[in-house]
Amino acid sequence: MPLWSIFRPIVALFLAERRSALLAGAVLAAATVLAGIALLGLSGWFITATAIAGLSSVTALVFDVFAPAAAIRFLALARTGARYGERLTTHDATLGVLAKLREQVFRNWAQPQAARMLLKRPAKLLFRLSADIDALDSLYLRILVPAAVALCTALAVAVAFGLMHPLLGLGAASWLLLTGLGIPLAAARFAKTPSRRRGHALESLRSKAIDLVAGQTDLIMAGRLAAQQDGVMKSDRRLHEADDVLNRIEMFVTAAFGAASALLLGATLLAVAKLAGAGTIGAPVAALGLLIALAALEPFAGLRRGAVELGRTMLAAQRIGPNMSALPSPERPGSPQNALAVHLDNVFVCYDGSPLPSLQNLSLSLAVGERLALVGASGAGKSTLLALLAQEIEAVAGRVKTLPSTLLNQRTELFQDSLRDNLRLADQNAHDAKLMDILAATGLGDFVAQLPEGLDTALGESGLGLSGGQARRLALARLLLRDTPLWLLDEPTEGLDGNTARDVLRRLEGHMRGRSVIIATHIRREAMVADRLVILERGRIVGAPRRGENEFNAALSVLRPD
């Protein structure tokens with residue numbers, strides 16, 4: 001794939017988001033380098049001119065030291081100010097664009113079935129959001145800006161030398177473009193493969209290290225701990241080998257730039273000596289030319305790191321590029337009519353890669369305020385139906401209409417953050433008094449009130465620091481904070497001891513008044529709160545008895561007791 005095709009969507013985002021700041025950063029970077037070269041050259045001219053003027057009292061009296069001295073001070077201050085402004089502008093713009101890119105990629109992942117995909121490949125997708133996007137800062141900071149600055153430098157050097165002699169300007173500019181761009185391009189070609197290997201090795205190392213740390217218990221039980229450790233070490237060795245190759249390439253690039261700079265300086269010395277001998281230029285101008293030649297290749301050396309990392313940057317762009325275009329938000333199901341909370345008509349659902357539908361020819365209606373329990377063997381489609389209603393998956397056929405809903409699934413997702421912020425995931429505007437009222441309603445009020453830091457108490461990863469029952473109650477508190485007319489509960493008391501499960505279920509039931517509720521369960525105590533049971537088998541409804549019917553009691557009797 002052509003280089004431009006790989007980077008085009010990334011460059012388009014950069015220009016769309018922070019065009020002015022990015023261009024200003026490039027201009028300031030060029031101003032910094034040009035001011036530095038001019039400062040060096042003018043200083044050499046001034047020192048040489050004052051030395052020559054001092055040889056005679058007549059020339060010493062008429063020599064103007066104030067204008068060059070003021071220009072030197074101006075260039076020194078301009079260089080410092082431009083450097084500060086360039087660093088501030090380029091880094092702020094780059095970080096802003098990468099933040100927007102990270103948001104765009106995450107939004108594109110937040111589509112139906114995204115949660116299931118994230119659970120299957122969490123390390124790889126996290127790597128895309130972090131390391132891959134971070135690698136794209138090289139595109140602007142280490143490739144585009146240095147390249148623009150280098151071209152401006154070549155033009156400025158060509159003009160300065162051209163005023164001394166046209167052939168000198170042409171020769172210097174040609175040498176700068178040939179070596180200044182040729183060396184980084186050659187380095188990029190040789191570094192492409194090891195740079196990509198480094199990216200793959202780093203991803204493998206992080207993934208295997210996470211698996212080693214997070215899965216120690218399982219690995220020990222399976223007798224695979226040593227094998228996992230060997231895998232981590234192999235990935236680390238591959239990373240070390242790639243780093244070694246890249247460091248060698250960067251060393252050769254530095255040496256090549258040094259040689260090219262020495263050749264340019266030597267050729268410039270011979271040229272200005274010949275021009276000075278012919279009387280075309282004076283000694284001060286010759287000194288200016290030598291010092292300009294000394295610094296002329298320095299801006300091109302800024303491409304060194306970007307060239308070595310180009311392969312890694314290309315790999316990141318290829319991975320991120322397909323997620324650049326904003327995907328349309330999934331169409332929200334329309335609201336059902338005739339006082340219904342849910343209406344499904346001849347619905348089919350298939351998971352990606354599955355040849356058989358998980359739900360087929362399914363039609364179901366739920367009245368506002370009605371409670372319904374989904375029962376059936378594991379794999380019958382209970383959780384799939386809840387995910388469909390929660391818009392986590394889409395139907396491939398049929399009509400789905402539902403009121404706004406909140407899904408409480410089997411797994412309580414808590415984060416390494418404060419209790420307050422874990423709760424505010426459900427309502428970001430909730431004040432502390434409301435949070436404490438909700439916690440009291442779920443049985444956590446006294447527990448949180450006794451904590452030294454209260455709502456500021458930090459939880460560990462996955463809610464570490466709370467018991468299973470407390471974590472479940474915290475999830476229940478988030479459910480209450482959402483305050484939607486339809487609740488979707490996926491085995492809400494699974495994994496809890498009997499007393500805790502009954503207490504959580506009692507609190508849930510106390511807040512069900514006026515709401516429509518669908519519970520997926522295989523536990524009798526959960527199904528008993530329902531007005532109607534829907535029996536699923538292989539994605540089909542095979543029965544729907546109501547409370548008071550013999551079939552209702554028969555279906556309850558085969559469920560797992562409390």
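No value in this document is a laboratory result; all are computed from the given coordinates. The structure displayed is predicted, hence computed values, not measured ones. Neighbour counts are summed over all protein chains in view; Cβ atoms, including those assigned to glycine, are modelled from backbone coordinates with ideal geometry.
Miscellaneous remarks
- Cα-centre dipole for the chain with unit charges at Cβ (Lys and Arg positive, Asp and Glu negative), debye to 20: 1000 debye
- Less than 5 angstrom separates the built amide H of residue 358 from those of 349, 350, 351, all sequence-distant by 5 or more or on a different chain.
- Isotropically averaged projected area of the stretch 340-557, using the convex hull of Cα atoms (one quarter of hull area), nm²: 12.5 nm²
- For the stretch 3-323, the spread of Cα positions along the three principal axes, ordered from largest to smallest, is 94, 37, 32 Å.
- Counting every other Cβ atom within 10 Å of each residue's Cβ, 220, 281, 393 order from fewest to most as 220, 281, 393.
- Peptides 165-173, 288-296 ordered by average Cβ neighbours within 10 Å, highest first: 288-296, 165-173
- Reported label for calculated semi-axes √(5λ) of the Cα gyration tensor in Å given [x] 42, 29, 24; [y] 37, 28, 24; [z] 70, 25, 22: [z]
- Sorted largest first, extent of the stretch 1-40 alpha carbons per principal axis (Å): 43, 23, 6
- Footprinting exposure proxy ranking of 487, 109, fewest other C-beta atoms within 10 angstrom first, gives 109, 487.
- Lysine pairs in the stretch 3-323 whose alpha-carbon atoms fall under 21 angstrom of each other, counting only those eight or more residues apart or on distinct chains, come to 5.
- Value of D in µm² per second that Stokes-Einstein yields for the stretch 192-286, Kirkwood Rh from Cα pairs, at 37 °C (0.692 mPa s): 186 µm²/s
- Each of 140, 486, 375 was scored by the projection of its Cα onto the charge dipole of the chain, and the greatest displacement toward the positive side belongs to 140; charges sit on the C-beta of Lys, Arg, Asp and Glu.
- A helix-only calculation puts the chain at -20500 deg cm²/dmol for mean residue ellipticity at 222 nm, using -39500 (n - 2.57) for each DSSP H run of at least four residues, averaged over all residues.
- Cα centre as origin, Lys/Arg/Asp/Glu Cβ charges: the stretch 340-557 dipole, Debye: 720 debye
- Fewest neighbouring Cβ atoms within 10 Å first, the residues 140, 351 line up as 351, 140.
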